[in-house]
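Working notes for the structure below.
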């Protein structure tokens, strides 16, 4: 019997399997719930923080194309995740490159202000496209 237990422990070590023993049943149940909770995908919540309408496209040396925009709702920051919407369809999702206000680089623009926005790895803007800024929060789920 003792040699059988040793064989099982050796096999578990070789296969990198953790063997746990419990004296109280609720400890086993808590352990199982914890491990199963880790398998659940997190709950992802997306919140729209601002939107802008593209009024004009400008070509700027060194910066490429800049979307001359007016913030129609909320605010857009230089660290915002954004999506470009054309005719109701999302055509690109990425991050803000830079935001310019009166030729000065700024960190954020608010409702009603006009600005120039560059988008990282995207330059195919068109007039009347919408730039929508959003934030994503992720919450771990449990059983």
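The values are calculated or read from the model by the stated rules, or taken from the named source; none is laboratory data. None of the values given here were measured: they were computed from a predicted structure. Counting neighbours? That spans all protein chains shown, and the Cβs are built from the backbone with ideal geometry, glycine included.
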Close pairs (7 angstrom Cβ cut-off, 6 or more residues apart or separate chains): farther than 8 Å from residue 76 by Cβ in the stretch 103-115, part of a loop (DSSP other than H, G, I, E, B) anywhere: 107/78
Yes/no for residue 65 being over 14 Å from residue 130 (Cβ atoms), surrounded by 14 or more Cβ atoms within 10 Å (Cβ to Cβ) and at pLDDT below 90: yes
Qualifying position, being modelled with pLDDT of 85 or more, more than 24 Å from the chain's Cα centre (by Cα), exposed (fewer than 11 other Cβ atoms within 10 Å of the Cβ) and in a helix (DSSP H, G or I), among 26, 31: 26
Residue match in the stretch 1-18 (condition: surrounded by 10 or more Cβ atoms within 10 Å (Cβ to Cβ), farther than 30 Å from residue 133 by Cα, in contact (Cβ under 8 Å) with a residue 12 or more places away in the chain and not assigned by TED's automatic domain parsing to the domain that holds residue 74): no
Cross-chain or 6+ apart pairs with Cβ under 9 Å, the stretch 85-96 first and in the same structural domain as residue 129 (by TED's automatic domain parsing) and touching a residue at least 60 places away in the same chain (Cβ under 8 Å), then exposed (fewer than 14 other Cβ atoms within 10 Å of the Cβ) and part of a strand (DSSP E or B): none
